[in-house]
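> My questions all concern the structure below.
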Amino acid sequence: MDQITRLISLIERYCEVTGIAEATLSSRVFRDGKRVSAIRAGSDVGVRRMSMAVQWFSDNWPGSADWPDGVPRPEPIMAKEAAE
């Protein structure tokens with residue numbers, strides 16, 4: 001599974017669990033309501049933006065939802081800060 005496919009898996013699962021629209025999620029994650037649709041249409045995502053997006057999902061993932069299989073999850077930042 002490539003990085004874009006992993007990101008799309010996170011987007012789809014998050015929207016499914018929370019019931020929010022992809023454009024709303026796109027605004028929250030990328031500060032651009034059209035970014036997710038651009039990614040779906042083949043637009044690329046830089047390494048820093050990808051890393052930031054996956055971290056956003058990890059930090060904001062609903063506790064009752066399973067993280068998608070095959071997608072490595074970074075430790076949530078809040079959990080790291082609480083441990084220090």
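All of the numbers you see were taken from the coordinates with simple rules; none came from a lab. Fair warning: this is a prediction, and the values are worked out from it, not measured in the lab. Positions of Cβ are generated from backbone atoms using ideal geometry, with glycine treated the same way; all protein chains shown enter the neighbour counts.
> Quote the charge dipole size of the chain about the Cα centre in Debye, to the nearest 20; the model charges only the Cβ of Lys and Arg (+1) and of Asp and Glu (-1). Mind showing how you got there, number by number?
Values: 11 positive and 12 negative charges, 72 e Å.
With Lys and Arg at +1 and Asp and Glu at -1, about 340 debye.
> A further question follows. For n ≥ 4 DSSP H runs only, could you compute -39500 (n - 2.57) per run for the chain, divide by its residues and tell me the 222 nm figure to the nearest 500? All intermediate terms of the calculation are to be shown ahead of the outcome.
Details: 5 runs with 52 residues, N = 84.
Result for the chain, helices only: -18500 deg cm²/dmol.
> Can you pull the percent of Cα pairs in the chain with separation above 21 Å?
On the way: 861 of 3486 pairs.
Summing the P(r) tail past 21 Å for the chain gives 25 percent.
> Moving on to the next point. Quick one: Karplus J couplings for region 39-54, per residue in order, coefficients 6.51, -1.76, 1.60, θ = phi - 60°, nearest Hz, x for Gly and Pro?
3J(HN,Hα) across region 39-54, in whole Hz: 5, 4, 7, x, 5, 8, 10, x, 4, 5, 5, 5, 4, 4, 5, 5.
> Report the net charge of residues surrounding Glu16, where surrounding means a beta-carbon distance below 15 angstrom and charges are Lys +1, Arg +1, Asp -1, Glu -1.
Numbers: positive: Arg13; negative: Glu12, Glu22, Asp66, Asp69.
The answer is -3.
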